[in-house]
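Notes follow once the structure below has been shown.
The values are calculated or read from the model by the stated rules, or taken from the named source; none is laboratory data. Worth saying up front: this structure is predicted, and the values here are computed from it rather than measured. Because the Cβ atoms are built from the backbone with ideal geometry, glycine has one as well, and the counts that use them run over all protein chains shown. Protein only, heavy atoms only, side chains kept; ligands, DNA and RNA dropped before computing areas. Shrake-Rupley method; radii C 1.70, N 1.55, O 1.52, S 1.80 Å.
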Amino acid sequence: MVSRATSRRRGSPRKRLKADTLRKISVAMLPFYKAIATRRGFAVQWSQAVAQGNLDRMKSLLCSVAPFAAKQGLGTNGIGYFITFLAQPPMLYYTNGTTIPPGTVQFTFEPRVHRAIAKAVFPLYRELAHNRCFTSALAKAINRQDQRAVTVMIRSLISFSALKSIQIEDDGFALLFKYPFSMYPYRNLLLREFT
């Protein structure tokens with residue numbers, strides 16, 4: 001007879017964040033964040049498409065810089081965007097994106113803020129894409145709900161004062177940014193989709 005605790009442990013790997021999931025998403029998103037951070041015209045076009053809810057334009061722009069990310073699920077709410085990756089068939093999805101918290105404003109997505117966030121998070125996603133030890137340690141810390149370890153690891157790569165908080169959320173992380181040149185906070189998210 002299998003105990004309930006053993007049964008939970010055996011079933012849990014399918015539900016826990018895997019380092020490979022973090023790495024896969026980061027590899028796919030890295031060229032996009034680089035384009036946002038370094039190409040003002042691209043960032044402006046992206047922000048306009050997000051605020052207008054123009055998914056076709058978003059897909060076209062994403063495809064031009066990050067083809068693998070463009071093959072994933074793509075969404076917008078007029079104040080942010082969400083790129084959804086199948087992490088583990090058949091039903092485990094993770095979403096990466098940046099958004100203003102809902103209820104704050106409508107149809108607004110500031111390219112200057114998005115570029116600043118992309119510059120800030122680029123070292124984190126680069127590390128997740130290329131450093132397997134770091135990626136594994138972050139995934140384990142998230143799975144343990146070790147908020148202190150997650151904060152220390154992420155802050156070691158994002159030292160900007162605009163990063164106001166780091167939270168473990170939905171088997172992933174949420175980074176809250178607030179810049180003095182914007183009225184609105186923005187969140188960069190890498191979260192599990194619950195369907």
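So which residues in region 41-56 are without any contact (Cβ under 8 Å) to a residue 60 or more places away in the chain, closer than 17 Å to Ala70 by Cβ and assigned to a helix (DSSP H, G or I), if there are any at all?
Phe42, Gln45, Ala49, Val50, Leu55, Asp56
A quick yes/no check of all residues on (1) free of Cβ contacts under 8 Å to residues at least 40 places away in the same chain; (2) surrounded by fewer than 15 Cβ atoms within 10 Å (Cβ to Cβ); (3) in a helix (DSSP H, G or I):
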site	(1), (2), (3)
Met58	yes, no, yes
Leu61	yes, no, yes
Pro90	yes, yes, no
Asn96	no, no, no
Phe109	no, no, no
Val121	no, no, yes
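Looking for whichever is over 19 Å from Gly172 (Cα atoms) and surrounded by fewer than 21 Cβ atoms within 10 Å (Cβ to Cβ) here; the options are Arg39, Arg16, Arg23. Which one fits?
Arg39
When Phe85 is evaluated against the numbered criteria (1) in a helix (DSSP H, G or I); (2) under 21 Å from Glu169 (Cβ atoms), which criterion, by number, is the only one it fails?
It is condition (1) that Phe85 fails.
Working carefully through the options Arg148, Arg115, find the one that is touching a Lys or Arg at 6+ places or on another chain (Cβ under 8 Å), open to solvent by 40 Å² or more (accessible area, probe 1.4 Å) and either assigned to a helix (DSSP H, G or I) or more than 26 Å from Tyr179 (Cα to Cα) (or both). Reasoning before the result, please.
Working: Arg148 fails: touching a Lys or Arg at 6+ places or on another chain (Cβ under 8 Å).
After applying the criteria, what remains is Arg115.
Just one of Ile158, Ile154, Ile142 is of a type in the set (A, V, I, L, M) and either open to solvent by 10 Å² or more (accessible area, probe 1.4 Å) or not in a helix (DSSP H, G or I) (or both); which is it? Walk me through how you get there before you give the answer.
Values: Ile154 fails: either open to solvent by 10 Å² or more (accessible area, probe 1.4 Å) or not in a helix (DSSP H, G or I) (or both); Ile142 fails: either open to solvent by 10 Å² or more (accessible area, probe 1.4 Å) or not in a helix (DSSP H, G or I) (or both).
Selected residue: Ile158, the only one of Ile158, Ile154, Ile142 that is of a type in the set (A, V, I, L, M) and either open to solvent by 10 Å² or more (accessible area, probe 1.4 Å) or not in a helix (DSSP H, G or I) (or both).
Which residues, counting only those in region 76-88, are open to solvent by 20 Å² or more (accessible area, probe 1.4 Å) and of a type in the set (Gly, Ala, Ser)? Write out each step before concluding.
Start the filter on region 76-88 by keeping residues that are open to solvent by 20 Å² or more (accessible area, probe 1.4 Å), which leaves 76-77, 82, 84, 86-88.
Listed by number, the list holds a single entry, Ala87.
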